[in-house]
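Colleague: Quick one: structure below, then a few questions.
The values are calculated or read from the model by the stated rules, or taken from the named source; none is laboratory data. From a predicted model like this one, the values you see are computed outputs, not experimental measurements. Cβ atoms come from the backbone with ideal geometry, glycine included; neighbour counts cover every protein chain shown. Side chains are part of the model used for accessible areas, which takes the heavy atoms of the whole protein and leaves out ligands, DNA and RNA. Shrake-Rupley method; radii C 1.70, N 1.55, O 1.52, S 1.80 Å.
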Amino acid sequence: MSSDVTCEKLREVGPELALGVLPGRERAGAVAHLDACADCREYIEQLTLVGDGLIGLLPGSEPPVGFETRVAQSLTQVTPVHEGHAREAPVPRKGRPGRARMRLVSATAAAVVAIGFSGWAVGSAIENVVAGPATSAEPVADMLSGDLTSVGAKGKMVGEVYAHADPKGWVYMTLDLPHAGTSYDGKVVCFLERKDGSTVPVGAFSIRDGSGSWGAPAPVDPSALSGARVTTPDGTVLARAPLSQAGPNE
Amino acid sequence: MSRFRFPVGRLPDEALLSGLATGDPELAVTFVRRFQHTVFGVAIAVTGDPQLAEDIAQQTFERAWRHAQIYDARRGSVRTWLTAIAHNLAIDAVRSRQPEPVAPEDLESILGVVSDTPEQHALADEASSRLREAVAELPPEQGRALVMAGIYGMTAQQIADSEKIPLGTAKTRIRTAMGKLRSTLASPKRGDHVK
Ligand SMILES: [Zn+2]
């Protein structure tokens, strides 16, 4: 039986729906109406922004000592799976400060099984990062970066590329073609360019109205890479970027 | 052009989120460091329980990590996305733990905090400031209904019970308050893409 919720009724319960407090049965009817009514969807989206904005007014608060380490630890030992699911290592979620150390040890043991890194390397790397000279320097990674420029409208910057080497290669790009007055809809293919002239495909992504951003694992050897490019599936280059190890010796 | 070795701390939020998949400890620490204050703040405001809030904050980061691929920048900033996750988890935790209503003094203090407009928020983006002002201008009973529903996740029925008012009145208060805030946000400024 389809919903008999009218637009008028939806406007009445919309605020509760957007705040997530509409009880189950009413909620089902309202959601069914939204499936069929773009105007009401737009209305709910606006109210959801209001709800998010309200939560955004809450003040920040300092978590307990050790939180950063524990959480970073748990994030680096979960194995990524690319359908949006992941296997989680059995990590105790929290603990009092006195027990953190013990947990760190057992957690790194799990990391060895999960991703094959040296458990101690991961565990102590986090401790080093956390314990590092936080006041003076931000953490620095083995990172290449560059500005994507449009091939059509020459010289116009249309995005950024970050390529990261350790411990697993990873490339992240943002693309904003309209910034150069062009646009494109559909699939784009990304490549890394190597100094020897070869290219390495990173992946294909969909963009809408010429913009998007994505990240993907990729082999990143900082000494061999020279740039990145984004093309259409038929090979037309949309944008390219030189990549440099943004280092002090450049 | 002189560039410095690229500090992870300057990666855009979205890049950092995406980079968590590498398992890189520096990216993970940087990500947590950047958002923990916000995430824990939401969790503690809703639950009032530091231990539970810590648990929720940790789950928030884990969930964000697992769902990093479905994060859609068009729908809001990484920060907003994280606060929404933390908020949902906190509401669930509070609902399962204690069906009793929020203490009046907690309610008043949260209402005070979200409608507090002085200079300390000078750095906040314009949309937040306008929203804050709009909350401050609500009649107290509407402000309370808004906070009860929007922050504590109370249903209209629970609000009615707590305030000893008819259900219809509770619904009207929520609706009226939300309507005012919505028209506040609907003014010309589009999107809040900060650089
Ligand atoms: Zn409708």
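Colleague: Could you pull out every residue, at least 5 positions away or on a different chain, whose amide H is within less than 5 Å of the one on A:Leu238? Hs are placed 1.01 Å off N in the peptide plane, and Pro or chain starts have none.
Modeller: A:Val230, A:Thr231, A:Thr232
Colleague: If one takes the accessible area of chain B alone plus chain A alone and subtracts that of the pair, with a 1.4 Å probe, what total in Å², rounded to the nearest 100, results?
Modeller: Numbers: alone 12800 and 15960 Å², together 21500 Å².
The buried area between B and A, both sides summed, comes to about 7300 Å².
Colleague: Could you give me the ³J(HN,Hα) list for segment A:57-62, computed from phi with Karplus coefficients 6.51, -1.76, 1.60 and θ = phi - 60°, whole Hz, x at Gly and Pro?
Modeller: Going residue by residue, I get 7, 5, x, x, 8, 6 Hz, with x marking Gly and Pro.
Colleague: Do any residues of segment B:44-58 lose at least 30 Å² of accessible area when the full set of protein chains is present rather than just their chain alone, and if so which, with a 1.4 Å probe?
Modeller: Residues losing area: B:Gln51, B:Glu54, B:Asp55, B:Gln58.
Colleague: Taking H as built 1.01 Å from N, whose amide H comes closer than 5 Å to the amide H of A:Asp142, not counting residues under 5 places away?
Modeller: For A:Asp142, the qualifying residues are A:Ala165, A:Asp166.
Colleague: Can you work out the accessible area per residue across segment A:181-250, with the rest of the protein chains kept in place, probe 1.4 Å, in square angstrom?
Modeller: Details: 3450 Å² over 70 residues.
For segment A:181-250, the solvent-accessible area averages 49 Å² per residue.
Colleague: Next question. Ignoring ligands, DNA and RNA, what percent of the accessible area of chain B is carbon or sulfur (1.4 Å)?
Modeller: Working: 4860 of 9210 Å².
Of the solvent-accessible surface of chain B, carbon and sulfur hold 53 percent.
Colleague: Highest mean first, how do A:198-204, B:176-182, B:47-53 rank when packing is the count of other Cβ atoms within 10 Å averaged over residues? Can you show the working numbers first?
Modeller: Values: A:198-204: 15.3, B:176-182: 21.0, B:47-53: 17.9.
Listed from highest to lowest mean packing, they are B:176-182, B:47-53, A:198-204.
Colleague: Separate question: How much length is gained if the chain between B:Glu126 and B:Arg75 is pulled fully straight, taking 0.36 nm per residue apart and subtracting their Cα-Cα distance, in nm to one decimal? Walk me through the intermediate numbers first.
Modeller: Working: separation 51, 0.36 × 51 = 18.36 nm, distance 1.80 nm.
Taking 0.36 nm per residue and subtracting the Cα distance, the gain is 16.6 nm.
Colleague: With a 10 Å radius around each residue's Cβ, average the other Cβ atoms per peptide and rank B:144-150, A:218-224, A:155-161, highest first. Display every interim value, and only then the final one.
Modeller: Details: B:144-150: 27.4, A:218-224: 15.9, A:155-161: 19.6.
Highest mean packing first, the order is B:144-150, A:155-161, A:218-224.
Colleague: Still on this structure, please answer the following. Considering chain B as a Gaussian network with a 10 Å cut-off on Cα pairs, which listed residue, B:Gln69, B:Gln58, B:Gln158, attains the greatest mean-square fluctuation?
Modeller: Looking only at B:Gln69, B:Gln58, B:Gln158, the biggest GNM fluctuation is shown by B:Gln69.
Colleague: Relative contact order of chain B, please, whole-number percent, based on alpha carbon pairs below 8 angstrom and at least 6 residues apart. Write out the running numbers ahead of the final one.
Modeller: On the way: 154 pairs, mean separation 30.8, N = 195.
Relative CO of chain B lands at 16 percent.
Colleague: Leaving out ligands and nucleic acids, note down the accessible area per residue over chain B with a 1.4 angstrom probe, in whole Å². Kindly include the intermediate steps, with their values, before the conclusion.
Modeller: Details: 9210 Å² over 195 residues.
Heavy-atom SASA per residue in chain B reads 47 Å².
Colleague: Would you pull out the residues with amide H under 5 Å of A:Trp214's amide H, same chain only if 5 or more places away, H placed 1.01 Å from N?
Modeller: Placed amide hydrogens put A:Met173 under 5 Å from A:Trp214.
Colleague: Expressed as a whole percentage, what fraction of the accessible surface of segment A:164-244 belongs to carbon and sulfur atoms when a 1.4 Å probe is rolled over the protein heavy atoms?
Modeller: Numbers: 1840 of 3550 Å².
The value for segment A:164-244 is 52 percent carbon and sulfur by accessible area.
Colleague: Here's another thing I want to ask about it. Would you please give the FRET efficiency between B:Val113 and B:Asp161, computed as 1/(1 + (r/R0)^6) with r the Cβ-Cβ distance and R0 = 25 Å, to the nearest 0.05?
Modeller: Numbers: r = 24 Å, r/R0 = 0.97.
Efficiency at R0 = 25 Å is approximately 0.55.
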